[in-house]
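In what follows, a structure is listed as structure tokens, so that the remarks can point back to it.
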Amino acid sequence: SEISTGFIRQIGDCLGLLRNPLLRWLFGFEVLMVVLNHIPYKFYQPYLGLLNSGTAFNSKTALAAGAHMAAATFVAAWFARRSARVTEHIGIQRVLLAAAAIQLFIIGVMGLILHPVVLLLVLFRGVPSGLSRAPLNAAVTPRVPKRQRATYLSIQSLVGRLVFSMFLIGLSNAVVAPVGTWPVLSSLLLRSVIVAGFGLVLLSISSINPKSSQS
């Protein structure tokens, strides 16, 4: 039908925008960050549960997780307000790569150490998203025509979530020990660091000068 043909053409036009080197790099960054940002979000409650296991706080894990999320959101908002200023000083790609490196560091520490002090570090898990969201949108928006913007961003989001789903499937297939133990959680987090770290290295060595990628 005419509607489906137009929809397919719209998708093709949006994918064609990835011929722009910077847009392609930003697209890859967003996919990586969907994976990175979801890892501490999905695993910090099991991490907290292991810390509370056998203590008087064991039944309060869900409540503690909610309070921790609220505090992490506040910290992220504080950094988000300053993201534009930071970007002006060091440039967008350095900000984005730093955001990914921060999240990778948090995940790595979670995977190496089971200790209440690590929860203070995990409070900063929203900082990478806060630092990167506004600069990323500011870089993408002028390079995508207004009539294609919603579709392009939807495709970008969908690809990120599909990659994260496949990532989780890969992690689950790697688990052979009983689920719900520290060795399993540690293994999952450290495997995540290795895979996501490889993606970060690829982005780092393929950085594009924004001034040379104006559309």
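The values are calculated or read from the model by the stated rules, or taken from the named source; none is laboratory data. Keep in mind it's a predicted model, so treat the numbers as computed, not measured. Note that we place each Cβ from the backbone using ideal geometry, even for glycine, and neighbour counts take in every protein chain shown. These accessible areas exclude ligands, DNA and RNA; they are computed on the full protein's heavy atoms, side chains included. Shrake-Rupley method; radii C 1.70, N 1.55, O 1.52, S 1.80 Å.
Taking the range 52-84 as the range and being modelled with pLDDT of 75 or more, open to solvent by 80 Å² or more (accessible area, probe 1.4 Å) and not β-branched (Val, Ile, Thr) as the test, the residues that pass are Leu63, Phe74, Trp78, Arg81.
Being under 19 Å from the mean Cα position of the chain (by Cα), touching a residue at least 24 places away in the same chain (Cβ under 8 Å) and under 29 Å from Ile8 (Cα atoms) holds for only one residue in Val163, Val95, Val122, and it is Val163. For the range 98-114, the set of residues classified as in contact (Cβ under 8 Å) with a residue 24 or more places away in the chain and outside any helix (DSSP H, G or I) consists of Leu114 only.
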